[in-house]
Amino acid sequence: MLKPQTLDVYVCGVGGQGVMTAADVLAQAAIANGYDCKKSEIAGLSQRGGVVTSQVRIGAHINSPVIGPGCADLLLAFELAEALRAAHQLKSGGIAMVNRIRLPPPVVSLGLYRYPDDSLGQMRAVGVRVYDIDAGAIARELGDLRLVNTVMLGAVAEFLPFPVAELEAQLIERFRTRKPALIDKNRRAFAAGHQAAHASPILAA
Amino acid sequence: MVQTAISGSATGVGHPALAPAGECVLLSGNEAIARGVWESGARLAAAYPGTPSTEILETLSLFPELYAQWSVNEKVALEVAIGASLTGARAFCAMKQVGMNVASDALMTITVPGVAGGLVIAIADDIGLSSSQNEQDSRYWGRFAHVPILEPADSQEALEMAKHAFELSEAHATPVILRCTTRVCHVKARVTLGERVAHDTPGFRRDPARWVVNPINAQRQLPLQGERDRQLALVTETTALNFVTRGSDRRIGIVASGPAYLHVRDAFPEVPVLKLGLSYPVPFGLVARFAAEVDELVVVEETEPLLEQAIRAEGIAARGKDLLPRLGELTPDVLRRALGPLLGEPVAPPLPYPAVTPFPRPPTLCAACPHSGAYYVLARLRKKVFISGDIGCYALGAGPPWNALDTVVAMGASMGIALGLDKARSAADRSKSIIAVIGDSTFLHMGMQGLLDIVYHQGNVTVIILDNRTTAMTGAQDNASSGRGLHKEDAPRVSFPQLVAALGVRPERIRVVDPYQLPVLARTIREETEIPEPSVVIAERPCVLTDFYHATPPYRAVDEDCTGCGNCLNVGCPAIQVSRTGQKALKTGTTTELRFTVIDPVVCTGCGLCVASCGPKAIVAAAAVQADIGAAAQSACATC
């Protein structure tokens, strides 16, 4: 039975973090579970360390691929300052799943801009429900930093309109043909992410 | 020559665009267009890469039944497609919006005799300018060239309309433009796939009276263009591509095309909409009947008011750009703000959470990008030179830390603009040298002619060709300087020294350098700018995104030896970050800011540019690679 409500997921991060791939897995899982889905991406010059965002709309029937500011149910943020930049995409009561990594760009290194001290605190101060995930630490513990986006998918899995196992199945399917050796590691990363979301304290205002 | 085996991804194994007919898969608009072209039985496809159109040809390269190639520019790509059409084959060509400016010379004339085999041209408009220098509306070409315009709204329509475009093209012997926007090209959506129908080719039939478009033949054929317009004006009234979505709220009725239609459906689900898939010629009869059913007609189109003006000129009252923005996407939130008041809808409430911009995160050159070496040097020559830039990754040289470009206009324009800066220089600029910076792909696209002009007129210009063996900005597509083709097969590799020598640059003034060798590079550029004649510096190093590039062991900054001068930051490498800051008192009594740096060992691939930039020699080979948090951001993700 499809859930009648549309779920709008705004995914953001920095070029090279796997934002597009994560959004792709969400979209694949949605259509595999009978939902309509549109996944929009503005990559621009993202391969060169710019901001990357993707909008994933999941529902019985999707018209526009654009979510619009103040309308997202879920924010899946791969980087702290990018979470802050995208926070206004959330609707009231929306959830932010944030990887607590800081990636200061060269303009910050050059001293032209300051990196915000407490992105999560700023978001919580205005009432965003923030899940704080240390995906880098989890991935490092599992011995492969490239697992970060799998950890984040595990973290967000609980909030999708289809079972957690369905998202995991889609993720694993990608590896089955391309890199079967990585299946086990990714299963563990997915589970760890899922667990981390459960353990993360939500501090709503 | 580098021999590269075709990798799994290059053969498209498992690519959803290759799935069997009847399957429902997730495809981007670009992938869907490619599938539609293949299903149409097209024999040939040619393109020059350009965001947001690039993936169309990349996907087409996966289908063995058709010949696909990257051409040197869009004009050649269109001409190759025209040649294929002359054989009776179905032919396809793709480009971004500005590509048609280059290709239009061929377009504007082939529309006089028309085409033999179906000829479809996909033009991708970058509405919102995510990766472009302008926001031109390609629908103008329909009116200008007397060709039909199809506007898909999503991936399924993109596939269907690609097929429809070939039918229309052959039925009326005209090229057909498939006009897409970023919000079609780069949106993935569900697509139900169809069967491929092979298209037999009758072969080229000689008919000089038609195909030799000289004045006499053109004069005779020109009236046929008008006749074609009249026929298509009938087609557009009855085609299934133009349809009405009924709605109960008839206070307004909306005419929309492309993705704007989908935005309208979300913003105003109760409002009737006339959706134009074949938006040129405009179905005025259909519009008039629709207008009669609603109180007020509003045209929602991205971006210019083409339909709106045409509809009003026909005597049908319509509103549009008096209410709607003329720039950017007409997304549901934009539409609600602009048109909501017509329906008495309340003003949208403020956002629940405030919009915050922590800092800009502009794209930057990659770690070990050979362009960083060139811009490190150019930034140092800044006061003595004017720098004319071009389109490519190296346009990022306009930003920090280099700030080393004065102009960027169009593909290849660095050459002519440099010559103009030289020839019209005022007394105040007499001491300035003029440099033009251009990449390999852009030089081959449109730069060669400009250099010939510089040589012919003995312009005092130093041209720097940044040869990284790829079309990097659009995702590292091979070109004539790569030594291989679209399918990674071996191909002749252009020799830039021989090419520029053939254009007339004196052999002494052709210098080939390694951009990683900063002192040599700096000396060479300085020498050439001081000699008052055309010169070319060719900086050769492969792009780090290609498999021509091989990473070497990383470097690290020794903290005890780092003086905090921050000069390594001027390389602009994203692997170099500030670890701590400090202040130092100068003899003059003022203080200077100190920035001590670290090098992320996972991001660093050992190019050594920063080593040459470091006065106190504090940057040394890192003993062992240690995983660092930065790796998560900069290395390819595990699921790629």
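Rule-based calculations on the coordinates, nothing more; no lab input. Here the structure is a predicted model, which means the values were calculated and not measured. A quick note on method: Cβ atoms are made from the backbone with ideal geometry, for glycine too, and the neighbour counts reach across all protein chains shown.
Other protein chain C-beta atoms within 10 Å of residue C-beta, averaged over B:181-188: 6. Taken along its principal axes, the alpha carbon cloud of region A:83-166 reaches lengths of 45, 37, 16 Å, longest axis first.
Sites listed here are trypsin sites (Lys or Arg not before Pro) in region A:105-205 whose DSSP assignment is loop and whose Cβ has at most 16 other Cβ atoms within 10 Å: A:114. Taking Cα centre as origin and charging only the Cβ of basic (Lys, Arg, +1) and acidic (Asp, Glu, -1) residues, the dipole magnitude of chain B rounds to 1300 debye. Please compare each pair in A:38/A:179; A:91/A:185; A:38/B:275; A:3/A:185; A:185/B:617; A:179/B:75 to a cut-off of 29 Å on the Cα-Cα distance and tell me which ones are over it. Cα-Cα > 29 Å for A:91/A:185; A:3/A:185; A:185/B:617; A:179/B:75; rest within.
As a proxy for reagent exposure, ranking B:330, B:224, B:286, A:84 by other Cβ atoms within 10 Å from fewest up yields B:224, B:286, A:84, B:330.
Give me the compactness ratio for the protein assembly as shown, meaning the Cα radius of gyration over 2.2 N^0.38 Å. Taking N as the residue count of the protein assembly as shown, the ratio is 0.98.
What whole number of Å gives the distance from the Cα centroid of region B:101-149 to the Cα centroid of region B:237-280? If we compute the Cα centre of each part, the gap is 24 Å. Taking a ≥ b ≥ c as the square roots of the eigenvalues of the Cα gyration tensor, an a/c ratio of 1.5 or more together with a/b no larger than b/c marks region B:389-434 as oblate.
In region B:226-269 the Cα-Cα distances spread across 10 Å bins starting at 0 as 22, 42, 25, 11 percent of all pairs.
Per-residue extension of 0.36 nm, minus the Cα-Cα distance of residue B:520 and residue B:231, leaves a gain of 97.5 nm for this segment. Note that region B:503-515 has calculated 3J(HN,Hα) couplings of 6, x, 6, 5, x, 5, 9, 10, 10, 9, 10, 9, x Hz, one per residue in order, obtained from phi through the Karplus relation 6.51 cos²θ - 1.76 cosθ + 1.60 (θ = phi - 60°); glycine and proline are x. Counting only other chain Cβ atoms within 10 Å of each residue's Cβ, the peptide A:104-117 averages 6.
Computed log10 I(q)/I(0) for region B:22-83 at 0.16 Å⁻¹: -0.49, from the Debye equation with unit scatterers placed on every C-alpha and solvent omitted. About the centre of its Cα atoms, the protein assembly as shown shows a dipole size close to 1260 debye [charges on the beta carbon of Lys, Arg (+1) and Asp, Glu (-1) only; nearest 20 debye].
Place +1 on the Cβ of every Lys and Arg and -1 on the Cβ of every Asp and Glu in region B:15-133, take the dipole about the Cα centre, and give the residue among B:112, B:122, B:92 whose Cα lies farthest towards its positive end. Checking the options against the dipole of region B:15-133, the answer is B:112. Over region A:1-150, the hull volume per residue, using the convex hull of the C-alpha atoms, is 123 Å³.
Entry note, region B:555-634: relative contact order of 39 percent, from Cα contacts under 8 Å with a spacing of 6+ residues.
Selection among B:38, B:278, B:521 by position relative to the dipole of chain B gives B:521 as farthest towards the positive end (Cβ unit charges, Cα centre). Multiplying each eigenvalue of the alpha-carbon gyration tensor of region B:370-540 by 5 and taking the square root yields semi-axes of 24, 18, 15 Å, largest first, rounded to whole angstroms. Straight-line cross-link reach from residue B:384 at under 15 Å between alpha-carbon atoms covers these aspartates and glutamates, not counting any fewer than eight positions away in the same chain: B:406, B:422, B:429, B:527, B:528, B:530. In a simple Cβ point-charge model (Lys, Arg +1; Asp, Glu -1; nothing else charged), region B:97-182 has a dipole of about 240 debye relative to its Cα centre. Annotation: amide H-H contacts under 5 Å for residue A:14 (H modelled 1.01 Å from N, sequence separation of 5 or more, or interchain): A:52.
Peptide B:23-36 shows a mean partner chain C-beta count of 1 within 10 Å per residue C-beta. The convex hull defined by the C-alpha atoms of chain B has an orientation-averaged projected area of 34.6 nm². Remark on residue B:622: its backbone amide H falls under 5 Å from those of B:555, B:556, a criterion applied only to residues 5 or more positions apart or on other chains, H modelled at 1.01 Å from N. The alpha carbon gyration tensor of region B:74-192 gives principal lengths a ≥ b ≥ c with a/c of 1.5 or higher and a/b no greater than b/c, which makes the shape oblate. Computed as a quarter of the hull surface, the mean projected area of the alpha carbon convex hull for region B:242-343 stands at 5.4 nm². Over region B:555-634, the fraction of Cα-Cα pairs per 10 Å bin, rounded to whole percents and listed from the shortest bin up, is 19, 50, 24, 6, 1.
Computed across region B:311-467, the Kirkwood radius stands at 19.4 Å (inverse of mean 1/r, all Cα pairs).
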